[in-house]
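*Asks:* Quick one: structure below, then a few questions.
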Amino acid sequence: MKIAILSRLPHCYSTERLVQTARERKHEVHVLNYNQCYMQLNPSKPSIFYQGKELPTFDAVIPRIGASSTFYGCSVLRQFEAMGTYTINSSLAITRSRDKLRALQLLTRKGLGLPTTVFSHSSHDIKNLIKLAGGTPIIVKLLQGTQGVGVMLIEKEREAKSIIEAFYQLKASFLIQEYIKEANGADIRCFIVGDKVVASMRRQAKAGEFRSNLHQGGHADMVKISKKERETAILAAKVMGLKVAGVDMLRSSRGPLIMEVNSSPGLEGIETITEKDIACEIIKYIEKHAKSTPPHKKIEA
Ligand SMILES: Nc1ncnc2c1ncn2[C@@H]1O[C@H](COP(=O)(O)OP(=O)(O)OP(=O)(O)O)[C@@H](O)[C@H]1O
Ligand SMILES: [Mg+2]
């Protein structure tokens, strides 16, 4: 098959592993920086150009679109879809999961657990917003944050009120969330390919920290997940329409609670810790589905 990997980072671990595995399995693979792709919208022959040349037809694309490039990356991916190219994650599914509020709304509609989350456009009733999130301590999360930056644990109501007020003043987008204390600074990452959890790991925050992100000094190890956690992760990816996903969950006294469903989960940490060949799972999934998916189904999530 002829496979395109849409990535801005040809030399990052995840991209290199996908390239290497696809080649080992005798596929032709090209890494395309989607930010350098441009397109001609044309009902009879939609096309994409790259480095001055029109791109040939690919059998499959693997989108690895960075959070800061969702808009343009998904536009390029939509053009591949318009050309009838199979994509392992559709532009629609990626767009759904990237909007954290929309994603959480979709998950609750399917009855999946998540920390109680409060969102408001106006600063009129901050006291009640805090109450609706279960009262202090609460978590305040900037929507554009990543790697733990912009996630705050606020212990006292007075502080919560003034921080939230300041964020409204700054016109920041943020969620207010119930603090899951019993998670003890740990979260679970389940890596989904198709409708299976192919690997999972637990990330634990360093002492005195509630955020488990490796960038905040956390560490990761292997974990055995429960049946309920497995089912929750699989359903969460399904609700988003993602075939490759990293589902992050907190272990709470009322069961697994989803924090996020990531559409371009990294391979390095989880392959290293679990010694699972996730790149191979992804390529094998494409081999099985790219050719057999009829064109009208290719653009569905
Ligand atoms: N409601 C919560 N209760 C307890 N701990 C939480 C809660 N929300 C987040 N955390 C902790 O903070 C960490 C960072 O939060 P989150 O994953 O939402 O943000 P991020 O990592 O900055 O964003 P992203 O995952 O989108 O890159 C989580 O991994 C988890 O350990
Ligand atoms: Mg996170």
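Coordinate-derived values only; no laboratory data. This structure is a prediction, so every number in the text was calculated from the model and none was measured. Note: ideal-geometry Cβ built from the backbone for every residue, glycine included; neighbour counts use all protein chains shown.
*Asks:* Per 10 Å bin, what is the whole-percent P(r) computed from every C-alpha pair distance within segment 70-169?
*Replies:* 13, 35, 28, 16, 8, 1
*Asks:* Return the inverse of the average 1/r over all pairs of distinct C-alpha atoms in the chain, which is the Kirkwood hydrodynamic radius, in Å to one decimal. Can you show the working numbers first?
*Replies:* Values: mean 1/r = 0.0491 Å⁻¹.
Averaging 1/r across every pair of different Cα atoms and inverting gives 20.4 Å.
*Asks:* Looking only at THR85, THR146, THR95, which one moves most when the chain is put into a Gaussian network model with springs between Cα atoms under 10 Å?
*Replies:* THR146
*Asks:* At 0.36 nm per residue, and after removing the present C-alpha to C-alpha distance, how many nm does the segment from GLN36 to LYS284 gain when stretched out fully? Could you put the intermediate results ahead of the total?
*Replies:* On the way: separation 248, 0.36 × 248 = 89.28 nm, distance 2.80 nm.
Gain in length upon complete extension: 86.5 nm.
*Asks:* Oh, and also: Hey, which lysines would be in cross-link range of LYS127, C-alpha to C-alpha under 22 Å, not counting anything within fewer than 8 residues on its own chain?
*Replies:* Filter leaves LYS141, LYS156, LYS161, LYS171, LYS181.
*Asks:* Beta carbons within 10 angstrom, averaged per residue: use that to sort the peptides 179-192, 267-280, 154-167, highest first.
*Replies:* 179-192, 267-280, 154-167
*Asks:* Separate question: Please compare each pair in LYS206/LYS238; LYS100/LYS227; LYS224/LYS284 to a cut-off of 29 Å on the Cα-Cα distance and tell me which ones are over it.
*Replies:* On the way: LYS206/LYS238 32 Å; LYS100/LYS227 25 Å; LYS224/LYS284 24 Å.
Long pairs (Cα-Cα over 29 Å): LYS206/LYS238.
*Asks:* To continue, here is another question. Please compute the length gained on full extension between SER173 and ASP59, using 0.36 nm multiplied by the number of residues separating them and subtracting their Cα-Cα distance. Intermediate values should be presented prior to the final figure.
*Replies:* Numbers: separation 114, 0.36 × 114 = 41.04 nm, distance 3.87 nm.
My answer for the length gained is 37.2 nm.
*Asks:* Percent relative contact order of segment 17-122, based on C-alpha pairs within less than 8 angstrom and at least six residues apart?
*Replies:* 18
*Asks:* If packing is taken as the average count of other Cβ atoms within 10 Å, what order do 228-240, 40-52, 212-224, 128-140 fall into, highest mean first? Mind showing how you got there, number by number?
*Replies:* Working: 228-240: 20.8, 40-52: 11.2, 212-224: 15.2, 128-140: 18.1.
Top to bottom by mean Cβ count within 10 Å: 228-240, 128-140, 212-224, 40-52.
*Asks:* Measure nothing fancy, just the Cα-based angle from helix 278-289's long axis to the longest principal axis of the chain, in degrees from 0 to 90, nearest 10.
*Replies:* 60
*Asks:* A further question on this structure: Segment 190-219: which trypsin sites (Lys or Arg not before Pro) are DSSP loop and have at most 13 other beta-carbon atoms within 10 angstrom? Let's see the in-between values first.
*Replies:* Details: sites: LYS196, ARG202, ARG203, LYS206, ARG211; in loops: LYS206, ARG211.
Sparse-neighbourhood loop trypsin sites (Lys or Arg not before Pro): LYS206.
*Asks:* For a Förster distance of 30 Å, can you work out the FRET efficiency between the beta-carbons of HIS121 and ARG158, rounded to the nearest 0.05?
*Replies:* Details: r = 23 Å, r/R0 = 0.77.
With a Förster radius of 30 Å, E is 0.80.
*Asks:* For a quick check: with amide H placed at 1.01 Å from N, whose amide H comes under 5 Å from ARG211's, ignoring anything fewer than 5 positions away on the same chain?
*Replies:* Long-range HN contacts for ARG211: none found.
*Asks:* If you don't mind, another one. Ignoring everything except DSSP H segments at least 4 long, calculate the 222 nm mean residue ellipticity for the chain; use -39,500 (n - 2.57) per segment, divide by total residues, nearest 500. Walk me through the numbers before you get to the answer.
*Replies:* Values: 10 runs with 100 residues, N = 301.
Helices in the chain give a 222 nm mean residue ellipticity of -10000 deg cm²/dmol.
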